[in-house]
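Enquirer: Provided herewith is a single structure, encoded as structure tokens, for subsequent inquiry.
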Number of protein chains: 2
Amino acid sequence: MEVTSLNFQEVLAELNEAIENATFLSIDGEFTGLNSGPDAGAFDTPAQYYAKLRSGSMDFLLVQFGLSVFTFNTETQKYSQRSYNIYIFPRPLNRSATDCRFMCQTSCMSFLASQGFDFNKLFKFGIPYLTANEEERLVKRLEEKQKMREETVGGELLHISDVDRPQIEEICRKIDEFITSEEEELVIDKCNAFIRRLIYQEAKLRWPNKLRIESKLENFACSLVIQRSGTKEEEEQKDVEKREKERTEIQQAVGLSMLMRKISDSGKLIVGHNMLLDLCHIVHQFFGHLPESYLEFKSLVHSLFPRLLDTKIICHSQQFKENVPSSNLSVLLETVSKSPFKITEVESVEGRSYSTLADKCHEAGYDAYITGICFIALSNYLGSLQNPEVPIVLSDSPLLNPFLNRLLIARLKDIPYINLVGEDPNPNRDHIFHMTFPKEWKFNDINQLFSPFGGIQVSWLNDTSAYIGLHRRDQVNAVMKALGKTNTYKIQKYADYQASLGMAVHSGDRKRKLSSSEAVSTKKGENSVPTNGVKSTKDDDGWEVATGKRRRKRKDHIDVDAAQKTKPALFPQADSWE
Amino acid sequence: MEVTSLNFQEVLAELNEAIENATFLSIDGEFTGLNSGPDAGAFDTPAQYYAKLRSGSMDFLLVQFGLSVFTFNTETQKYSQRSYNIYIFPRPLNRSATDCRFMCQTSCMSFLASQGFDFNKLFKFGIPYLTANEEERLVKRLEEKQKMREETVGGELLHISDVDRPQIEEICRKIDEFITSEEEELVIDKCNAFIRRLIYQEAKLRWPNKLRIESKLENFACSLVIQRSGTKEEEEQKDVEKREKERTEIQQAVGLSMLMRKISDSGKLIVGHNMLLDLCHIVHQFFGHLPESYLEFKSLVHSLFPRLLDTKIICHSQQFKENVPSSNLSVLLETVSKSPFKITEVESVEGRSYSTLADKCHEAGYDAYITGICFIALSNYLGSLQNPEVPIVLSDSPLLNPFLNRLLIARLKDIPYINLVGEDPNPNRDHIFHMTFPKEWKFNDINQLFSPFGGIQVSWLNDTSAYIGLHRRDQVNAVMKALGKTNTYKIQKYADYQASLGMAVHSGDRKRKLSSSEAVSTKKGENSVPTNGVKSTKDDDGWEVATGKRRRKRKDHIDVDAAQKTKPALFPQADSWE
């Protein structure tokens, strides 16, 4: 179902109940761009990876959010499914709202448009949102406005300068005329804010309780509309209506954040496919700026979404390696639609669902739906491996525990995921060097240098530095002996390089280590989310160990440029279909 | 006429001739945003204004360019008109092209969408462009690629590491098989750049002149396609075709820049309505980054577009003040459609024109057209003031000279325009102060302070500083005496403040003063445009002197926020309709 500002309030009411009854939710997002800063290096630490993501990706917008609600009926032993494709755009609802600036990546916009994304709908009918902090500011401003309306004379009077005096007197003369006339209202055009405040003040002084004055914005100019007051009761009633209207406006401005808070509060299992970037944007747009500290980030995400499952994590695990040749979402759907996989029957809810045949890849609602379908098949397969077999594995099954709260990192060579509830994987990187070299050097210059020591992998950091991975780990000392000391280039062991950055290699958190149950607070007080205790679960290695072989898939694309040493012109790739 | 990548090459051919024969051109642009940096203060210098525009507006994109070509037929004494509404988007045409990141302003996107701007068309079929510098880089890269193809064995051989060796040998074995087979071609999947280079090398060594090898990108992976060579003539012919194809691709990538160079080279009169921002974006996107120096900017714009006319400059002049109550484009069209104005008859060119009744405001092509119509009416009116009367004033009439090469600055209180060919207006600012104060201060705090000295105008620079304009110029010394020395705030005379910035008040060019005929070169060598000598023409004051009265119109809108001391939430406003 398509959701825009035109039908959002109804959908929100419906979703409140649907989420409450859900077995699990699956999500997906589409963005205006992927990255604008330096690319992650294959041997960055997770904390360094996060820092690059935070500084290079958060200026883009999440513009479409897909939510699929799956509910298992124990009687019929079937799922029902409702899917929502939600357009998100921070249109300023009035002129005191923030007029946000955001970034776009040309290739992504072009790609989304080619996939049928409707940007006209987005910019016209996208649903706005506010973080809790922004909402608080708006409410406070409204209260000030209401207070100003109520202010009775007696406070400090504003001074009317000689320059403003004639205009004020002219307006007061018109008001005098209006009061004795039979006109319904008097409109004073083009009044700036200060003149308006002076008129409010003079009206209260000269005609107490006689007038009702309102500001009206039209065509970028503000007018004052002046009417005679009604009875006391009428005036009070009008005040109540006005406050109600203002409250509704704020509710509309909070918009999609209401749904996100609902999802967070539900505590339901949330399934995504390659969901790290989606989660970062969701936190950033709807809850508050991403914290600078990596550990605080992990705690924050876990406190907001205590049960997360990334289907890519299941796909890459040892049990699935053989039967899942590719975790690309469309290939995966094909894979799990055949034996040995089994998809529990899923019933559509009228007007709220997709079919797997819809072929709407890269529409967030559809991708969320497909992700949910794949999750059902993958978890059932886990059940089929048990003895005795478990035919239907639901979202609360302990069979899922090894996969929970782990978010795939595609870019790091030997750290496959972020563990939100404990230490991240900690691979041995003794065979990795950090190297700086002259700007002119290309892949072959480095390759030549290392050729006596077996093959290498080069992961460029910028024009003059890279990580070098040795294929033959026994050559580390030989390399340091032969290449360690020159003036042209500089080679350092990985651990020494990381230490020189003043960071602990794996936490990357320079300031302090958060104990796992410590409450988090985000930067600048932008957000303060109540935090659950974070339990550390032990890493039970179900992982394909990165071999000396390069990973293919997409990598080639980057290598082209790496070998030519130009900034890779990345094509859209970080969405669920990768 | 709508112009996208689907019909651009035909339109370009047509426009080459149309521009050549044109009497004048009118232009307009639509952008993804207006400003992201600090707003200009009402008493900034033009150089400071330019610096803010350069740093705060150039990350947005010009996404629609309107061009209207007016040609006067001396026989029929009528104009003919062709108008083009051109979608612009820097889609990367291939993966070695730059994948540009750009900024959007939410209110602008929302506003354009509400006016019917088709963003889907933009992102799918927008016409790309390259600056001269980018084109040069692309051509150079292509030449390197061609050279690599031609390279005969004899240069330095690439080393094949033990790790790569098995893959290379396997591929060579397949090639051997292929050569003796009857297959048409052999495809080697998923080869990274380095492996490809090694295969090129080995093929030349092992099977010289026997093979034709091409790289092919598909689904983010690169394959090698290997075929048997044809005869020498066939191979040469294929090479010629390939080079021709590559040349065409570059031509497509240069895209809209070809048209812009054509317009620049034509030397025709270019008419715009509030055209400063349009020109900045045009220079920035199609010619090269805007120079840091304000004087170099003026020289550069003048060298690219030697005859510019901003219709707002005519509207605001003394001769027109009485008959042009508003220079808002839609009001202006209404104004000039009646006596005393007279629009020379304009004939439409089939399928290439708008009518004044089209009501397509904010479509760049339409706005350009309306601007041209207004220009015709305004210049004819100049003729009607002559004795004897001149019925039709054409674009080369000396009557237009006082208005040429002056670009409206809407934001500065007493400097109405930039003069591209001489000194900018240099008003007396002795009655202006620069003031810093505590963050908590609002308009009324400052107003109270100055109340003994008559009215003031406050132009906020940020939370803690503002320009203060005294209405009573005779009070300057009294203010300095009474308020000059405190700890809470600091008041400085305008000239002292500007001097403290280390800038000449009116040039703002810290580094050097360019003599008017000096050649310019822009920053970073991004661009080197041949520069004409710039003649300084004397300012012949036809100008409404800014009075103590505040300008209304839109100003109100800003004052609201200024008085409340919040960052103004600007609504779209810098386009021609203001």
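Just so you know, all these numbers are worked out from the coordinates, no wet-lab data involved. Everything quoted here is computed from the prediction, not taken from an experiment. So basically every Cβ, Gly included, is an ideal-geometry build from the backbone, and we count neighbours across all protein chains shown.
Enquirer: Between A:Thr231 and A:Asp176, what FRET efficiency follows from the Cβ-Cβ distance if R0 is 25 Å, with the result rounded to 0.05?
Expert: Plugging the Cβ-Cβ distance into 1/(1 + (r/R0)^6) gives 0.65.
Enquirer: Under a crude label model (7 Å from the Cα following the beta-carbon direction), how far is B:Leu501 from B:Glu143 in nanometres?
Expert: Once both label points are built, they end up 4.4 nm from each other.
Enquirer: Any idea how far the Cα center of the range B:163-193 sits from the one of the range B:326-348, in Å?
Expert: For the range B:163-193 versus the range B:326-348, the Cα centre distance is 71 Å.
Enquirer: Where in the range A:388-466 are there GluC sites (Glu not before Pro) that are in a DSSP coil and have at most 11 other Cβ atoms within 10 angstrom of their Cβ?
Expert: Sparse-neighbourhood loop GluC sites (Glu not before Pro): A:Glu389, A:Glu440.
Enquirer: So what J values fall out for the range B:46-52 if you push phi through Karplus, 6.51 cos²θ - 1.76 cosθ + 1.60 with θ = phi - 60°, rounded to Hz, Gly and Pro as x?
Expert: In residue order, the calculated couplings are x, 5, 5, 4, 4, 4, 5 Hz.
Enquirer: How big is the range A:427-504 by the Kirkwood estimate over distinct Cα pairs, in Å?
Expert: 12.6
Enquirer: Let me make sure I get this right: for the range A:242-343, a, b and c are the square roots of the gyration tensor eigenvalues over alpha carbons, sorted descending. Under 1.5 in a/c it's rounded, otherwise prolate if a/b > b/c, else oblate. Which is it?
Expert: Prolate, since a/c reaches 1.5 and a/b exceeds b/c.
Enquirer: Over 22 Å between Cα atoms: which of A:Lys442/B:Lys238; A:Lys190/A:Lys245; A:Lys210/A:Lys238; A:Lys140/A:Lys298 fall into that group?
Expert: Correct reply: A:Lys442/B:Lys238; A:Lys190/A:Lys245; A:Lys140/A:Lys298.
Enquirer: Along Cα-to-Cβ, 7 Å out, sits the label point; list in nm, shortest first, how far the one on B:Arg228 is from those in the other copies.
Expert: Inter-copy label distances (nm, one decimal, shortest first): 10.4.
Enquirer: Starting from the Cα gyration tensor of the range A:1-155, multiply each eigenvalue by 5, take the square root, and state the resulting semi-axes largest first in whole Å.
Expert: Each semi-axis is √(5λ); the values are 33, 27, 18 Å.
Enquirer: Classify the range B:136-245 from the C-alpha gyration tensor, please: rounded if a/c falls under 1.5, else prolate or oblate depending on whether a/b exceeds b/c.
Expert: Here the range B:136-245 falls in the rounded category.
Enquirer: Which order do the peptides B:413-420, A:75-82 come out in when sorted by mean C-beta neighbours inside 10 angstrom, highest first?
Expert: Going by the mean number of other Cβ atoms within 10 Å, highest first, we get B:413-420, A:75-82.
Enquirer: To the nearest 0.05, what FRET efficiency results for A:Asn428 and A:Thr486 with a Förster distance of 30 Å applied to their C-beta separation?
Expert: E between A:Asn428 and A:Thr486, to the nearest 0.05, is 0.70.
Enquirer: Peptide B:163-169: average number of partner chain Cβ atoms within 10 Å per residue?
Expert: Mean partner shielding for this stretch: 2.
Enquirer: Looking at B:His281, B:Leu198, B:Ser330, which one has the Cα that reaches farthest to the positive end of the dipole of the range B:194-336 (charges on Cβ: Lys, Arg +1; Asp, Glu -1)?
Expert: B:Leu198
Enquirer: Under unit Cβ charges (Lys, Arg +1; Asp, Glu -1), what dipole magnitude, rounded to 20 debye, does the range A:427-504 have relative to its Cα centre?
Expert: So the dipole magnitude of the range A:427-504 works out to roughly 120 debye.
Enquirer: Which pairs break 26 Å Cα to Cα here: B:Lys204/B:Lys242; A:Lys147/A:Lys216; A:Lys121/B:Lys360; A:Lys268/A:Lys321; B:Lys439/B:Lys485?
Expert: Check vs 26 Å cut-off fails for A:Lys268/A:Lys321.
Enquirer: Next question, about the same structure. Give me, ordered by chain and number, the residues 5 or more places off A:Arg212 or on other chains with an amide H under 5 Å from its own placed amide H.
Expert: For A:Arg212, whose amide H was placed from the backbone, the distant partners under 5 Å are A:Gln227, A:Arg228, A:Ser229.
Enquirer: At 7 Å along the Cα-to-beta-carbon direction for both A:Glu183 and B:Lys342, put a label point, then send me their distance in nm to one decimal.
Expert: With each label point 7 Å from Cα toward Cβ, the separation is 4.1 nm.
Enquirer: So who's got an amide H within less than 5 Å of the one on A:Phe31, skipping anything under 5 residues away but keeping other chains? H placed 1.01 Å off N, in plane.
Expert: Correct list: A:Val63.
Enquirer: Between chain B and chain A, with a rotation axis joining them, whose C-beta in B is nearest that axis, and what is the whole-Å distance?
Expert: Measuring from each Cβ to the axis, the minimum is at B:Phe119, 2.
Enquirer: Then there's this: What are the ³J(HN,Hα) couplings of the range A:191-202, residue after residue, when phi is run through the Karplus curve with 6.51, -1.76, 1.60 and θ = phi - 60°? Round to Hz, x for glycine and proline.
Expert: 9, 7, 4, 5, 4, 4, 5, 5, 5, 3, 5, 5
Enquirer: Please average, across the residues of B:105-115, the number of beta carbons from any other chain that are within 10 Å of each residue's own beta carbon, and give a whole number.
Expert: That works out to 6 on average.
Enquirer: Next up: What is the magnitude of the charge dipole of the range B:136-245 about its Cα centre, with +1 placed on the Cβ of each Lys and Arg, -1 on the Cβ of each Asp and Glu, and no other charges, expressed in debye to the nearest 20?
Expert: Value, rounded to 20: 400 debye.
Enquirer: Could you go through the range A:422-430 in sequence order and give the Karplus-derived ³J(HN,Hα) for each residue, using 6.51 cos²θ - 1.76 cosθ + 1.60 with θ = phi - 60°, rounded to whole Hz, and x for Gly and Pro?
Expert: 3J(HN,Hα) across the range A:422-430, in whole Hz: x, 5, 6, x, 10, x, 6, 10, 5.
Enquirer: Okay, moving on. Take every residue in peptide B:189-201, count the Cβ atoms of other chains within 10 Å of its Cβ, and give the average of those counts.
Expert: Per residue, the average neighbour count from other chains is 4.
Enquirer: Using mean Cβ contacts within 10 Å as the protection proxy, how do B:449-460, B:349-360, A:246-257, A:309-320 order, highest first?
Expert: A:309-320, B:449-460, A:246-257, B:349-360
Enquirer: Additional query: Using label points projected 7 Å from each Cα along Cα→Cβ, tell me how many nm separate A:Leu385 and B:Glu136, to one decimal.
Expert: Modelled inter-label distance: 5.9 nm.
Enquirer: For B:Leu308, list long-range residues whose amide hydrogen, built 1.01 Å from N in the peptide plane, is under 5 Å from its own amide hydrogen.
Expert: B:Ile270, B:Asn405
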